[in-house]
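In what follows, a single structure is set out as structure tokens and then discussed.
Rule-based calculations on the coordinates, nothing more; no lab input. Nothing here was measured: the structure is a model prediction, and the numbers come from that model. Cβ placement follows ideal geometry from the backbone for every residue including glycine, while neighbour counts extend to all protein chains displayed.
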Amino acid sequence: MIFDDIKKFIFPSRCVLCDKILPYGSKLENLFLCEDCKYNFEFIKEPTCKKCGAMINDSEKMYCLRCEHKLHDNFEFGFGLLRYNDFVKESLHRIKYGGRKEYIDFYGKCIARTYKDKIREINPDYLVPVPIHHRRLIERNYNQAAVLANSISKELKKYGIDIGVNEELIFRVKNTKVLNKLDDQDRGSELKEAFETTDLSNIDSILIVDDIYTTGTTIDTMAKILKIAGVKKVYFVAIAIVDNL
Ligand SMILES: [Zn+2]
Ligand SMILES: [Zn+2]
């Protein structure tokens, strides 16, 4: 316990959304959210898009505007924890570039607790983080999607669900250009060159893990490559999904 106290003194708990240090010994410390940010933490609620899991505002509709416009057909469906807002944007940015790896464990636990039944139902063979190129891995020290997948897997075990993380199924073989500078079609072709797999015909289903779902091109391209390699079903889970109400 003393070690825990010392650790907390050196690495105090911070609010995952605004990075404010949470008062030592307070209840907030265990919630990982400060008083001000409680309302900025927007869980995705029904109705949601049947494809990408984004929130929609019409329960009569099947899909969000983004999926209506371009229905990705390589993955089955996906789901996420939070609506993407400015606070989540900052939080995910600090995870990637500000060394705030510690937030990820909180998000992983939330995902596992919220979606344990859905994940049990899908029953994937593996959780597969979206890979990053090894050069980026050296720059950032960790792949946030891999850390997230491991924390989801660890938390699921507490509910008797044993699904391992597999980072050896698909690789990034080429560093992609800055994707948002490319149009949608270029994004697809640029990404296709960037993933490599081996024969995966013995794998039934995979749950891809990523921090954010934006246009869906990365996940869809990855799903396509996994299916060509023999995987039968591909799903995804993300911390945040950009909605398009
Ligand atoms: Zn906060
Ligand atoms: Zn959608």
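Some notes on this structure:
- Neighbour counting of Cβ atoms within 10 Å sorts the residues Thr221, Thr197, fewest neighbours leading, into Thr197, Thr221.
- Of Pro129, Leu156, Asn143, farthest towards positive along the dipole that unit charges on Lys, Arg, Asp, Glu beta carbons give the range 114-160: Asn143
- Pairwise label distance in nanometres, Lys38 with Asp117, each label 7 Å out on the Cα-Cβ vector: 2.6 nm
- Normalised contact order of the chain, rounded percent, pairs of Cα under 8 Å and 6 or more residues apart: 23 percent
- Cα gyration tensor category, rounded, prolate or oblate, for the range 92-178 with a/c compared to 1.5: oblate
- Summing Cβ point charges (Lys, Arg +1; Asp, Glu -1) relative to the Cα centre of the chain gives a dipole of roughly 360 debye.
- Each Lys and Arg adds +1 at its Cβ and each Asp and Glu adds -1 at its Cβ; summed about the Cα centre, the range 194-245 shows a dipole of about 220 debye.
- DSSP bridge pairs, the range 42-241: antiparallel proportion in percent, nearest 5: 20 percent
- Choice from Asp105, Asp220, Asp199 showing the highest fluctuation, given a GNM over the chain with Cα pairs closer than 10 Å: Asp199
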